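Below is one structure, written out as structure tokens; comments come after it.
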Amino acid sequence: MVSAHRPLLQILLGPTLERWFPPENVAFAFGSGGTYLSTACGLLSCWAAFYLAIHGFYHVVVPLVVRYHAYKYPKAPTSLVPPPLVDNMVQVAHAAFPLYVTVPMLTDVFMSKGWAKTCYGIEDCGGWVPTVLGCVGYFAFLEVLIFLDHYFLLHKLDIGKRIGQHAQHHVFKYADQLNAYSGYAFSPQDGWSQGMALALGTLVVRVPAPFVYTMEILTGLWTIYIHTDVTPLPWPFMGCDYHYIHHRYNWYNFGYMTITMDTLFRTVKHPKNKSWNKGNALQLARGELPMPEEEMRRSAAMTKAILTKRGAKTPNELMRCEDQQDATDVQTQEPTPHEGRPLRRKTSNVRATEIH
């Protein structure tokens with residue numbers, strides 16, 4: 001039975017550093033020295049390590065994804081995002097990174113202080129069955145909490161919208177405004193509130209620590225993937241095609257990695273590219289069909305507003321202006337019997353065929 005958890009940096013770097021420095025000095029620097037000063041040093045070193053790591057991850061993985069899509073789908077809208085808009089996304093992401101990295105830092109704090117219910121191996125977790133159930137329970141916790149945060153706090157509650165500023169992420173609305181870079185372009189408190197489920201889950205679910213670290217890494221990759229819109233996944237995953245609908249129409253597909261919670265809350269909207277629901281969404285996403293001219297015009301106007309800050313003092317105002325423009329364009333779409341609330345607006349006949 002493992003009785004204590006050393007800080008992650010001490011686990012990863014401790015054996016190497018202890019070749020040159022006394023073990024007690026290494027333990028002190030990484031936060032397990034048993035004093036308040038050691039704890040402060042550990043927090044600082046942990047935050048700094050994750051801050052460097054997220055910069056490395058962002059500036060290596062994201063460009064590779066963008067270049068791959070540009071090579072494989074050169075005409076896809078996700079490959080045609082204007083470079084100045086990409087620069088804006090990078091600036092927004094950089095401003096958010098200092099707060100983002102407190103999520104894995106807090107996860108490590110919860111574990112090293114003994115507050116988390118994590119276990120550290122099959123035997124420590126009680127065998128294979130409790131281990132698997134712990135992983136399933138932790139994933140279910142993430143699905144529920146991230147949906148509730150995203151749907152209720154960031155989209156429905158006025159106080160959540162004001163504090164979270166989720167609109168700063170939703171100004172990237174059209175297909176040629178979304179790529180891997182946009183996946184991290186949140187206001188700091190917005191991305192932090194959604195990510196905190198990863199840390200909080202360790203306090204309530206007995207889950208293997210390696211699975212927690214795995215989910216933190218997968219969440220970073222998933223955030224990139226769902227903003228690319230060229231590689232759908234099978235049921236029940238909330239793939240990039242579902243997340244495009246969330247950005248374009250705002251009131252659908254709030255879930256984490258599956259459509260489970262959206263199905264329960266009747267907020268799911270399925271893209272028309274499934275075997276049972278054929279349509280042209282995938283062809284549009286991959287550039288096999290041209291992006292509608294009206295969408296291109298409105299995307300260009302919105303991109304200009306984002307970059308010049310004209311016509312909108314805040315992201316919320318910018319989104320309100322866009323919603324008002326939506327309202328003037330088209331008729332109400334009829335609801336379908338197997339899905340949630342109907343679309344109140346659509347922007348063009350071509351793009352409306354993407355959802356069902």
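The values are calculated or read from the model by the stated rules, or taken from the named source; none is laboratory data. Nothing here was measured: the structure is a model prediction, and the numbers come from that model. All Cβ positions, even for glycine, are placed from backbone atoms using ideal geometry, and neighbour counts span all protein chains on display.
Scan segment 1-55 for residues that are of a type in the set (Val, Ile, Thr), surrounded by 17 or more Cβ atoms within 10 Å (Cβ to Cβ) and closer than 18 Å to Phe110 by Cα and report the count. Give the derivation first.
Residues of segment 1-55 of a type in the set (Val, Ile, Thr): 2, 11, 16, 26, 35, 39, 54.
Now restrict to residues that are surrounded by 17 or more Cβ atoms within 10 Å (Cβ to Cβ): 26, 39, 54.
Then drop every residue that is not closer than 18 Å to Phe110 by Cα, which leaves 39.
Adding up the residues that qualify gives 1.
Filtered by the rule that a residue be in contact (Cβ under 8 Å) with a residue 12 or more places away in the chain, surrounded by fewer than 17 Cβ atoms within 10 Å (Cβ to Cβ) and either of a type in the set (Phe, Trp, Tyr) or not in a helix (DSSP H, G or I) (or both), segment 56-96 gives Phe57, Pro74, Lys75, Pro82.
Could you check segment 268-285 and list, in sequence order, the residues that are within 13 Å of Ala76 (Cα to Cα), surrounded by fewer than 21 Cβ atoms within 10 Å (Cβ to Cβ) and either at pLDDT 95 or above or in contact with a strand residue (DSSP E or B) (Cβ under 9 Å, 6 or more places away or on another chain) (or both)?
Here is the first cut: in segment 268-285, the residues within 13 Å of Ala76 (Cα to Cα) are 281-285.
Next, from what is left, pick out any that are surrounded by fewer than 21 Cβ atoms within 10 Å (Cβ to Cβ): 282-283.
Within segment 268-285, just Leu282 meets the criteria.
Counting the residues of segment 116-130 that are surrounded by fewer than 19 Cβ atoms within 10 Å (Cβ to Cβ) and either under 22 Å from the mean Cα position of the chain (by Cα) or under 15 Å from Arg6 (Cβ atoms) (or both) gives 3.
Restricting attention to segment 42-62, report how many residues are among the hydroxyl-bearing types (Ser, Thr, Tyr) and modelled with pLDDT under 95.
First, the residues of segment 42-62 that are among the hydroxyl-bearing types (Ser, Thr, Tyr): 45, 51, 58.
Narrowing further to those that are modelled with pLDDT under 95: 45.
Residues flagged as among the hydroxyl-bearing types (Ser, Thr, Tyr) and modelled with pLDDT under 95 within segment 42-62 amount to 1.
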